[in-house]
Structures are given as structure tokens and as C-alpha cells.
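Input: a single structure, listed below in C-alpha cells.
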Amino acid sequence: MQGYMKGELERVEGGTVDVTGHTPSAADLMLKRDYKGDKSISQAAVSEDGKVMVALDTREDAKVLSQKLAREIA
């Protein structure tokens, strides 16, 4: 979690999280996934429920270009 100093956020037994002396319940938390990679070379999408993220490298390389050429000729 961003904004917390080392030691302020601590995982404890039983799957709970202690944040500066407070233990929030699942109803208190919101988990959000976001792609922070280089968007100039890849594209990403997250499912509506936030459980799945797919990232694709969209750079063209020699192998991809040769396959493209083979498809255009065929």
C-alpha cells in the first residue's frame, strides 16, 4: 500500500492486516488493480470484477513481421 512507512502495514496471523494499530474488515477495504507498465510497448485490460488482468507486449519483432508477410502472400 502506498503512503505507509515500513512497519506501519503489517500482516498478522489469520489473514488480517494491521494498519497503524487498526484492523479493518473486508467491508472497509477496496482492492483496485491497475497496470503501471510501459504503455508505449504494451496494452493491458482488467476484468470488471478486478480478478483478472491481461497484459500484451505489442512491439513488432522480426518473427512477427515475417509471419505477417507470410500471411499477406498466402
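Restricting region 17-74 to residues that are among the aliphatic types (A, V, I, L, M) and assigned to a loop (DSSP other than H, G, I, E, B) leaves a set whose member that is surrounded by the fewest Cβ atoms within 10 Å (Cβ to Cβ) is ALA74. Checking each residue in region 53-74 for being within 24 Å of ASP38 (Cα to Cα), without any contact (Cβ under 8 Å) to a residue 12 or more places away in the chain and either touching a strand residue (DSSP E or B) at 6+ places or on another chain (Cβ under 7 Å) or of a type outside the set (D, E, K, R) (or both) picks out VAL54, ALA62, VAL64, LEU65. Taken over region 12-24, the criterion of being at pLDDT below 80, over 23 Å from VAL52 (Cα atoms) and among the small types (Gly, Ala, Ser) is satisfied by GLY14 alone.
The values are calculated or read from the model by the stated rules, or taken from the named source; none is laboratory data. Since this is a predicted model, take the numbers as computed values, not measurements. Backbone-built Cβ (ideal geometry, glycine too); neighbour counts: all protein chains shown.
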